[in-house]
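Step one of this worksheet: look at the structure below.
The values are calculated or read from the model by the stated rules, or taken from the named source; none is laboratory data. Please read all numbers here as calculations on a predicted model, not as lab measurements. Neighbour counts run over all protein chains shown; Cβ positions are idealised from the backbone, glycine included. For accessibility, only protein heavy atoms count, side chains too; no ligands or nucleic acids. Shrake-Rupley method; radii C 1.70, N 1.55, O 1.52, S 1.80 Å.
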Amino acid sequence: MTAAERRFRDYMHAFNASDWEALRRFYAADIELVIGNGTTLRGRDAIVDFYRDIKSRTSRTIEIVDCFSEGNMLAAELKSEFVALIDAPDFPTRPLQRGDRYYINSFALYEFRGSEYHRIRAAVFRREFRPRADG
Amino acid sequence: MNFGSQAFRGWFEAYLAAFNRGDFDGFGAYYADDVIFHGQAAQLRGRNAVLDFYRTVRDRLDEQVELVSFVGASGGRRIAAELRTTVLARHDWLEMPTGAMRAGDKRQSVNIVFYDLHEHQFTRVRSARLWPQPRTLR
């Protein structure tokens, strides 16, 4: 495993643990992140605020299916699961009701300088929505 | 596959070059017999099905693919490629799976494509569209 791949696993661990201060340290000051629905976030604060909001309404975990790196770029295949903790009619991907589950299988490219990511782009390969059992 | 990283990228670039010049034997050799293909316009299984699909496409469109980014996994087991695809409709193709095109329309899109490899061949190809959505250039 390369240093970039180890760092990426640490990054995802911080994300899944909602360790916002640790997460911030992975981002360059000029970080730009484009998520699968096209939303573009610029700067550490914008990203952390976005994820903090998502996690206030859903339980979200990301599983690394695979990651590998070359030069200053890392590629990852990710599986994300969202479970709505509350009704979220304005959730970025689609309206959710408490208990709904939403799965995303995505591909992402992470460009880094030293130990910091400065450009991240994600593309959704598959989505699956599972309404709560009594929904 | 025991490529160095430059050789691995070169091997992949040769695939794209064959694709871009319509060398079906050349780029077809990169697909395993039972390749699983999840493209933007088709879900297919098998080299022959993929080549038949691209023959249909080539009858209607000029398609060029440009390598923007390349990440090769160690051991040559997987590739992640950022590809910019430009298509130019030579005829009307109103039933085109990714959206109707009229003769002369030119459309561009960018995708992250993951290729799984075994013994110098693609066993699975999966494409995910990067934002922004495809745009018409004229």
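Put simply, the C-alpha atoms of the stretch B:1-49 give a gyration tensor, and the ellipsoid matching it has half-axes of 21, 13, 10 Å, longest first.
How crowded by other chains is A:56-66, given as the mean number of beta carbons from other chains within 10 Å of each beta carbon? The mean count of partner-chain Cβ atoms within 10 Å per residue comes to 1. Buried surface between chains A and B: roughly 1800 Å² of accessible area, summed over both sides, computed with a 1.4 Å probe on protein heavy atoms only. Both radii are taken from the alpha-carbon atoms of the protein assembly as shown; with Rh as the Kirkwood radius, Rg/Rh is 0.99. Computed from the alpha carbon atoms alone, the convex hull of chain A holds 96 Å³ per residue.
Peptide B:69-81 is shielded by partner chain Cβ atoms: per residue, an average of 5 of them sit within 10 Å of its Cβ. Structural descriptor for chain A: relative contact order 23 percent, calculated from alpha carbon pairs under 8 angstrom and at least 6 residues apart. Apolar share of the accessible surface for the stretch B:5-137: 46 percent from carbon plus sulfur atoms, 1.4 Å probe.
For chain B, the longest principal axis of the alpha carbon atoms and the long axis of helix B:5-20 meet at an angle near 30°. For A:D87, the residues whose modelled amide H falls within less than 5 Å of its own, excluding neighbours fewer than 5 places apart on the same chain, are A:R98. Above 17 Å, the calculated P(r) of the stretch B:5-137 contains 58 percent of its Cα-Cα pairs.
Taken residue by residue and averaged, Cβ atoms of other chains lying within 10 Å of the Cβ of A:107-118 number 2.
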